Amino acid sequence: AILGDISSGRTAQLSNAITAQDISVTNTNNTWTISGTGGAITLDGTLTKSGAGTLLIQTSVPLAGDGSVILDGGEAQLINNTNTFSGGVTLNAGTLRVGVNNGTGNPQTAGSLATGTFTINGGTFYHTQGNVRDQAV
């Protein structure tokens, strides 16, 4: 799936859970919101966000599967998601926000980065509260 440039904010409403090999979000402006009541997006591949725009994944759409998330620019927000994907997260550029309300800074319960390696090569990581990922001791 490819979510490209948009002239104003757009919402993709999921009415069913889906499985995706790869998702590419390349918007250079505005916000793509993924919302709905259908359940999880199961990633078999990679969800990649690039460009200066924003990707907002709402609470009702957790990320699952063996896939990974790569942020190469702009902003990605995981809002109170209970994610279970296992491929890890790579932050190369941009801002990754976990547990914020539409970028307003109003805290919610922190979202989850699931399992796998969390690699920060650049960019900014922000979370409002709680554990972003439980760590074994």
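Per residue and in cubic angstrom, what volume does the convex hull of the Cα atoms of region 1-53 have? Spell out each step's value before the answer.
Working: hull volume 3.1 nm³, N = 53.
About 59 Å³ per residue, rounded to a whole number.
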So what J values fall out for region 61-75 if you push phi through Karplus, 6.51 cos²θ - 1.76 cosθ + 1.60 with θ = phi - 60°, rounded to Hz, Gly and Pro as x?
10, x, 9, 10, x, 8, x, 9, 10, 10, 10, 10, x, x, 9
Considering only protein heavy atoms, what is the solvent-accessible area of Val89 at a probe of 1.4 Å, reported in Å² to the nearest 10?
10 Å²
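The values are calculated or read from the model by the stated rules, or taken from the named source; none is laboratory data. This is a predicted model, so every value here is computed, not measured. Please note that ligands, DNA and RNA were not included when accessible areas were found on the heavy atoms of the full protein model with its side chains. Shrake-Rupley method; radii C 1.70, N 1.55, O 1.52, S 1.80 Å.
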